[in-house]
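What follows is one structure encoded as structure tokens, with my remarks underneath.
Readers should treat all values here as calculations from the given coordinates under stated rules, not as data from a laboratory. Given the structure is predicted, the values throughout are model-derived calculations rather than measurements. All Cβ positions, glycine included, derive from the backbone under ideal geometry; neighbour counts span all protein chains shown.
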Amino acid sequence: MQKKIVAGNWKMNTTFQEGEALVKAIIAGKNETPDDVLLIVAPPFTHLCCLTEPLREAGIGVAAQNCASEEKGAYTGEVSAKMLASIGVEYCIIGHSERREYYGETGEILLKKVQQSLSAGLRPIFCVGEVLAEREANRHFEVVGQQLDEVILKLTPADFAKTIIAYEPVWAIGTGKTASSEQAQEIHAHIRKVLVGKFGGAANDTAILYGGSCKPSNAKELFAQPDVAGGLIGGASLVADDFIAIAKAG
């Protein structure tokens, strides 16, 4: 397994000035984190051009929260993967449950976004996960398997090797609920089994992150699971002390 990854998804939060202050606090706290933990920060689009350089200089990865499914053209309001790469962005979150739910992003659209990211030299952080009704119906393995099949399993082995997977139990995002460490390990192991079935032993090196109300109080237990390679952090990434504390749990 590679080093642990702790990625902060700020979502639609912080003005630029607030984001700048948060980045300074995260950079200040980075020296408290273990060397084998990679920090990644995903600010809003408006912040990226100014915050990417100081983050990268501090050894912190920079991610966009989304990208367009097309390379360029008459797509008012969209931001292409190549535009993001041109300012030093390294990663792109794709398929987050909020994008699927609120913006109707289908597997077909997400595959195009992943391909655009890879073509531009970005590493996709691809999100999968089930809603509460699917979990209660014991369909979580099926749902996650289908989400992988629609996108990740369609990649070439070379492109797959550049991807990061984030499992997010949708019922635990922003609700304060968290999958138990046993539940997290069970589905992370299932995801890895699906990936190994398609890509062979190379999938054993794929980072699979947990995303779903991960916080300082539960990060250590979650990250101790053998198939949990870190976390995709939402609300807690907006508080520098909490984000650094989660990273220290790695």
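Which order, highest average first, do 7-15, 159-167, 32-40 follow once you tally other Cβ atoms within 10 Å for each residue and take the mean per peptide?
Working: 7-15: 18.8, 159-167: 20.4, 32-40: 16.7.
For the peptides 7-15, 159-167, 32-40, the packing ranking is 159-167, 7-15, 32-40.
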Completion exercise
Quick shape check on region 136-250: root eigenvalues a ≥ b ≥ c of the Cα gyration tensor, a/c under 1.5 is rounded, otherwise prolate if a/b tops b/c, else oblate, and it reads prolate
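Listed highest first by mean packing, meaning other Cβ atoms within 10 Å per residue, what order do 193-204, 122-133, 61-72 come in?
Details: 193-204: 14.8, 122-133: 22.2, 61-72: 20.2.
Order by mean packing, descending: 122-133, 61-72, 193-204.
What is the sum of charges, Lys and Arg at +1 and Asp and Glu at -1, for the other residues whose Cβ falls under 11 Å from the Cβ of Ala42? Mind showing how you got there, number by number?
Values: positive: Lys11; negative: Glu90.
Surrounding charge for Ala42 is 0.
What does the helix-only formula give at 222 nm for the chain: each DSSP H stretch with n ≥ 4 adding -39500 (n - 2.57), the total divided by the residues, and the result rounded to the nearest 500 deg cm²/dmol?
Details: 11 runs with 110 residues, N = 250.
Result for the chain, helices only: -13000 deg cm²/dmol.
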Practice task
List the residues whose amide H sits under 5 Å from the amide H of Gly8, counting only those 5 or more places along or on another chain, with H placed 1.01 Å from N in the peptide plane.
Solution key: Ile40, Val41, Ala42, Ile233
Problem - Equivalent ellipsoid semi-axes, the chain, via Cα gyration tensor eigenvalues times 5, rooted, Å - result: 25, 23, 17
